[in-house]
Protein chains: 6
Amino acid sequence: MSFSRSSGRAADSLRPVRIQRHFTKHAEGSVLVCFGDTQVLCTASVEEKVPPFKRGSGEGWLTAEYGMLPRATHTRSDREAAKGKQSGRTQEIQRLIGRSLRSVFDLQALGERTISLDCDVLQADGGTRTAAITGAFVAAHDAISVLLAQGKLTASPIRDFVAAVSVGVVQGVPLLDLEYTEDSACDTDMNVVMTGSGGFVEVQGTAEGAPFSRAEMDQLLALATKGIAELNALQRQALGVA
Amino acid sequence: MSFSRSSGRAADSLRPVRIQRHFTKHAEGSVLVCFGDTQVLCTASVEEKVPPFKRGSGEGWLTAEYGMLPRATHTRSDREAAKGKQSGRTQEIQRLIGRSLRSVFDLQALGERTISLDCDVLQADGGTRTAAITGAFVAAHDAISVLLAQGKLTASPIRDFVAAVSVGVVQGVPLLDLEYTEDSACDTDMNVVMTGSGGFVEVQGTAEGAPFSRAEMDQLLALATKGIAELNALQRQALGVA
Amino acid sequence: MSFSRSSGRAADSLRPVRIQRHFTKHAEGSVLVCFGDTQVLCTASVEEKVPPFKRGSGEGWLTAEYGMLPRATHTRSDREAAKGKQSGRTQEIQRLIGRSLRSVFDLQALGERTISLDCDVLQADGGTRTAAITGAFVAAHDAISVLLAQGKLTASPIRDFVAAVSVGVVQGVPLLDLEYTEDSACDTDMNVVMTGSGGFVEVQGTAEGAPFSRAEMDQLLALATKGIAELNALQRQALGVA
Amino acid sequence: MSFSRSSGRAADSLRPVRIQRHFTKHAEGSVLVCFGDTQVLCTASVEEKVPPFKRGSGEGWLTAEYGMLPRATHTRSDREAAKGKQSGRTQEIQRLIGRSLRSVFDLQALGERTISLDCDVLQADGGTRTAAITGAFVAAHDAISVLLAQGKLTASPIRDFVAAVSVGVVQGVPLLDLEYTEDSACDTDMNVVMTGSGGFVEVQGTAEGAPFSRAEMDQLLALATKGIAELNALQRQALGVA
Amino acid sequence: MSFSRSSGRAADSLRPVRIQRHFTKHAEGSVLVCFGDTQVLCTASVEEKVPPFKRGSGEGWLTAEYGMLPRATHTRSDREAAKGKQSGRTQEIQRLIGRSLRSVFDLQALGERTISLDCDVLQADGGTRTAAITGAFVAAHDAISVLLAQGKLTASPIRDFVAAVSVGVVQGVPLLDLEYTEDSACDTDMNVVMTGSGGFVEVQGTAEGAPFSRAEMDQLLALATKGIAELNALQRQALGVA
Amino acid sequence: MSFSRSSGRAADSLRPVRIQRHFTKHAEGSVLVCFGDTQVLCTASVEEKVPPFKRGSGEGWLTAEYGMLPRATHTRSDREAAKGKQSGRTQEIQRLIGRSLRSVFDLQALGERTISLDCDVLQADGGTRTAAITGAFVAAHDAISVLLAQGKLTASPIRDFVAAVSVGVVQGVPLLDLEYTEDSACDTDMNVVMTGSGGFVEVQGTAEGAPFSRAEMDQLLALATKGIAELNALQRQALGVA
């Protein structure tokens, strides 16, 4: 294997992960999640209303928005609010975060209210969408705790944990949790979202260079499964649940 | 197995596929592709310029846009031109089509020109994005033939074929090429893009209901591989190449 | 007369006209109308609601939207959905189609519902707006038949037929139903909309080059009257009404 | 004839017309034109550049923009700048003004410069677009005089005069120069643009209620021809040219 | 003192001020206000509804919009309606006008209705925002008179007068009511809004060049106080109130 | 004095201020500035180009953008990127920050490059714009140090320090550095920007309730002068300059 990772990280190792709850004070859930130098602030806001397509359904909703501060990246990118629209990439990511979170929520048990997950990247170094999903789950969990404490909910609508990680093939080597320089150089890039009980929620694999084989996909899925199990343990530890 | 498909279709069968070249007269490539009742008009337009980020690179570019006529669907949806913006879904799909096509093109061999692939859904019945990719490849192939015939290219920049199909799990049964009623009812929905030589270009699997297991994913990938091989044969037949 | 038309068409002849009903399956009315190489898909969609300014009035509404696929034309034009707005030309045309259709409808008899006419140009070769009006009427007629069959209406709100054609002066010769090359070369271009009983609904004449005289206008109106009578007969034939 | 006009105006009379040059001080041409209570400020601005499609052509360009102050009308309408887009009606009108003015200009003789005509309605009482065309011509004429005085042009590119008027059928009576109450009540509304030498530049007739006949159209065109001859005389008088 | 003002104006003199009521006929209040060559048309429109955040509050609202005709200035500026958005400067000014007017209104006494103040600059020569506030007050006063005359109000909700003026330091000399050439050359520019009874509503001072001192600020505030007292007298005279 | 501040703060005391440099790693300057619970991330990005109006002038430019994370506030506000435009308030603030920073820069000495200041509010508790100006100066100072270290500049273009603070009258008591509850309750709100040498750059005072007197303004300006001197000392300390 010719490719060596920064800080001597092993091919199947996550970067140092930090999950800091109560990062800001107004939101029902507020989590700064760091995968190495990637830092994403995830807030969960509860609103006692639902979008039009859910009104009267008795069901609630979870939705996500994603943004990147203009200088979260190596070179400054234009502010989407100033450009007047969100890029296709932004929309793709926020749709992914929303679907991932909804996969572990019982919307009926949530009742007719909305949890908005805002994932804002303060610093980017690869894997912002997977960090966002992992952190947004913790923020949503905190928001549910607030609703339970307020007596607005009597039982949690959370059915399982959810976390995400990226995997990829760089110079022929399958790697877990790509940082920016690896992401730029990879042939195949795959984002995997899984539940705490090991089910797949999303698998999005893209051949950036040469197409990938079934064998490579199997290796990548194994790496992702390992990484997400570790993330799940870190989420539990941050939340102080067994 | 309790679920039975319309027209008695087998679980591992494609819908009737039609690939009609030269559907309109102005475009360098113009293909009406039908997967059952899903009808997508794919045109390939050649322009002798490239976007800013490719200028002076000696490389060309392929890009795609996707649209749906307002009444392609059961109920009329608002026209995106009238709303003033493309939805996140539209952008996600057109980015997918563009990446898929570029995966089989040698951009250096294409030279500094752009092939724009417009995929407009005339009638929707599930699988519009996979039909679009499958048809857009044929339209792009025709556009390259025009460039070769005009002497603007001396060798084809096309390195392989590319096609796409959806697969999913409906009521526990893995199915190939979902139509609308199946797509609405499925637990897992996966879009797979593969090359003619059998490499994976994109795998996008989503759990709409319950998470899916490794075993289910393996079944779905096998179905997709079978379907894409058949689509690839139909593309070759439509193009009259061996 | 030095100017000769393609295919040896006479100055006062329409191009071959095709009116194909039930072109797509979801819309209440769906018509592909062809004036020679100009092909427009016209769908009529019924919605059981009206815009705000008609609410509670007891009257219905007809409205039209017009679009052109990016490569319907010789060179690709930008997609309006991607640009984020409809051009002045698009808006002008869709307002014309709407007014033309409303001129033959009894909005009171329609009841508080809306018929949306979507006219999408698949291939353009001159006269797209006149083909759109001619086809949209047939689609709207089919939609009314559906409402009658469903018992939602007991009598038709259609008071007359409506159709449209372009006329123009090319190299001093008045011509009926201009195709693209004629349209580009004409001094005067006039779009005429008339009812089945021969009343004028719209006359829009523009001097592209030299101003036009009363004598020329009279010749053009006579040509248009002849053409629209023929189109009216073709609409009746397509609909199978006397 | 049961219909009587305000102020006892005859059916074939214009309202009092006022053409006030040099209304504001910065523009090369600035004209306040009043057709009765309709007041439009028309400015002509010269810029020494042309739009992209004219660059290097040796030809100039004339273009128009139209606006209405929010309270020019009986009830306040939303400001288009605040809504973020111009209505279809606004775009239709400004395209009409631009075409009308270009019809009497020799763009080659103008040279590679642009004359922008801004027509802003201060008070509306019917006929704003026809007043705008009539006033914009005078403003453009003044702008050309400035260019001649500056020595930037040695001969005028103006080949003829152009003016416009509305005509319509109200309660069966053909009327010249409709004011708002007449315009709201009319069955047929026609805007006519003609040159000083009596050629037609634009004829736009619309049946608001019942379709109109050839006989009615002939009457309306005769009224319009009379009115435009009078407007043309008033333009000449305002400009002090024979 | 080396700097001399145009027309020999003294440093502490206003330009000739004209306040012309009933300038247009539709609005409840319509005032053309001129500070020298700066001309702003201010209309006040009454609508019997309030924005969402005031519904059910029993209180009314005043709001302002500001616009500049494209050729109100030396060189033509783009029309904001055509650009599709209002500039930051425009928004800043209209927010300032709205706040200033609200400061002298008792919103409770106004009742649940809105007064919209449209301030459109016909000709600009410095001080457009201060002229707009001064004129908008008179227009609003006229609108209230209409409501009183209609019996919709029994007592005026106007608690005080309000007017505004600009002051600045040019070449070391503090000046009242800057015209354009002075505004462009000034080191410090300050807009001051005061009530008839001499209270400050807004003070917005900006160092365009060198920072300004407390001593300069005191001089400028004294000039503004003098100017606004004169404007207040002119407002009373125009309205014919003691 | 009946009003007592949170944490027993004196009327003329700043909240605890924290200025943390190098908060993120990519930007040339990156400062987290906290005024009590108000937290703003200010980054300074250097780009070796200038906006069009400065090209070829030999001068550089400083510009600012301001944003607030959706849940920086008590209740979630809509994301401006999702709404497709920046509010008037946002534009007003970013224009203020830009002007304030430019007041202490020698743009000629900066050379033809741009410093973009992005001020993003992570948590809001009143005074976000004044914290942003204070922090942005430190970030810009760091960016200049980078340019000096890289040899791109040989002398600093910074002529002075700049900082800002809010002052206001709450229940009759003049207070320094308002927090959110004070800001909501105040009669008069004033933002003051001053240089290190004590000159005024901006004074923006607004009467939220009753107008304010000259005496109140004098008290507020004295408080602001005291507060800004303290902020200036904190900036120097953070930067380690005398």
Condition first: in a loop (DSSP other than H, G, I, E, B) and buried (at least 21 other Cβ atoms within 10 Å of the Cβ). Can you find one or more residues in the range D:227-236 that meet it? no
Scan the range A:1-57 residue by residue and report those that are more than 14 Å from every other protein chain (Cβ to nearest Cβ), under 23 Å from A:G98 (Cβ atoms) and in contact with a strand residue (DSSP E or B) (Cβ under 9 Å, 6 or more places away or on another chain). A:V17, A:I19, A:R21, A:V33, A:F35, A:V50, A:K54
If D:V167 satisfies all but one of (1) aliphatic (A, V, I, L, M); (2) within 14 Å of another protein chain (Cβ to nearest Cβ); (3) closer than 30 Å to D:G60 by Cα, what's the number of the condition it fails? (3)
Quick one: would you say E:R79 is closer than 30 Å to A:A82 by Cα, within 14 Å of another protein chain (Cβ to nearest Cβ), basic (K, R) and under 21 Å from the mean Cα position of the chain (by Cα)? no
Being part of a loop (DSSP other than H, G, I, E, B), out of contact with any Phe, Trp or Tyr (no Cβ under 7 Å at 6 or more places or on another chain) and over 19 Å from A:E80 (Cβ atoms): is that true of F:A44 here? no
Out of all the residues in the range E:69-85, which are surrounded by fewer than 24 Cβ atoms within 10 Å (Cβ to Cβ) and not aliphatic (A, V, I, L, M)? E:P70, E:T73, E:H74, E:T75, E:R76, E:S77, E:D78, E:R79, E:E80, E:K83, E:G84, E:K85
What about C:A44, is it within 15 Å of the chain's Cα centre (by Cα), farther than 28 Å from B:V46 by Cβ and hydrophobic (A, V, I, L, M, F, W, C)? yes
Which one is farthest from the other protein chains (Cβ to nearest Cβ), of the residues in the range C:58-73 that are in a strand (DSSP E or B) and under 24 Å from C:L122 (Cβ atoms)? C:L62
Answer with yes or no whether B:F53 is free of Cβ contacts under 8 Å to residues at least 60 places away in the same chain, in a loop (DSSP other than H, G, I, E, B) and among the aromatic types (F, W, Y). no
Given the conditions (1) among the polar types (S, T, N, Q); (2) under 26 Å from A:I93 (Cα atoms); (3) buried (at least 17 other Cβ atoms within 10 Å of the Cβ); (4) more than 8 Å from chain A (Cβ to nearest Cβ), and given that B:S184 satisfies all but one, which numbered condition is not satisfied? (3)
Going through (1) within 13 Å of chain E (Cβ to nearest Cβ); (2) farther than 23 Å from E:D218 by Cα one by one, F:G240 fails only at (1)
Test: residue in the range B:223-236 that is facing another protein chain (nearest Cβ under 10 Å) and at pLDDT 95 or above: yes
So, in the range B:74-108, exactly how many residues are touching a residue at least 40 places away in the same chain (Cβ under 8 Å), not in a loop (DSSP other than H, G, I, E, B) and not aliphatic (A, V, I, L, M)? 5
May I ask you to say which residue of C:Q171, C:Q123 is polar (S, T, N, Q) and either modelled with pLDDT of 95 or more or touching a strand residue (DSSP E or B) at 6+ places or on another chain (Cβ under 9 Å) (or both)? C:Q123
Tell me the residue from D:G58, D:G88, D:G8 that is in contact with a Lys or Arg (Cβ under 6 Å, 6 or more places away or on another chain) and of a type in the set (G, A, S), please. D:G88
Check whether at least one residue in the range E:187-206 is more than 9 Å from chain F (Cβ to nearest Cβ), among the hydrophobic types (A, V, I, L, M, F, W, C) and part of a loop (DSSP other than H, G, I, E, B), and report yes or no. no
Look through the range F:86-108, keep the residues that are of a type in the set (V, I, T) and more than 22 Å from F:T181 (Cα to Cα), and return whichever of them is surrounded by the most Cβ atoms within 10 Å (Cβ to Cβ). F:I97
Given the condition touching a Phe, Trp or Tyr at 6+ places or on another chain (Cβ under 8 Å), among the small types (G, A, S), more than 14 Å from chain C (Cβ to nearest Cβ) and on the phi > 0 side of the Ramachandran plot, answer yes or no: does some residue in the range D:118-127 qualify? yes
Please go through the range C:201-215 and give me each residue that is at pLDDT 95 or above and under 17 Å from C:D177 (Cα atoms), ordered by number. C:E202, C:V203, C:Q204, C:G205, C:T206
Residue list for the range D:205-216, restricted to those being crowded, with 21+ Cβ neighbours inside 10 Å and among the hydrophobic types (A, V, I, L, M, F, W, C): D:A207, D:F212
Counting only residues that are over 13 Å from the mean Cα position of the chain (by Cα), away from chain C (no Cβ under 12 Å) and modelled with pLDDT of 95 or more, how many does the range D:82-106 have? 2
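The values are calculated or read from the model by the stated rules, or taken from the named source; none is laboratory data. Since we're looking at a predicted model, the values are computed, not measured. As a convention, Cβ positions derive from the backbone with ideal geometry for all residues, glycine included, and neighbour counts pool all protein chains shown.
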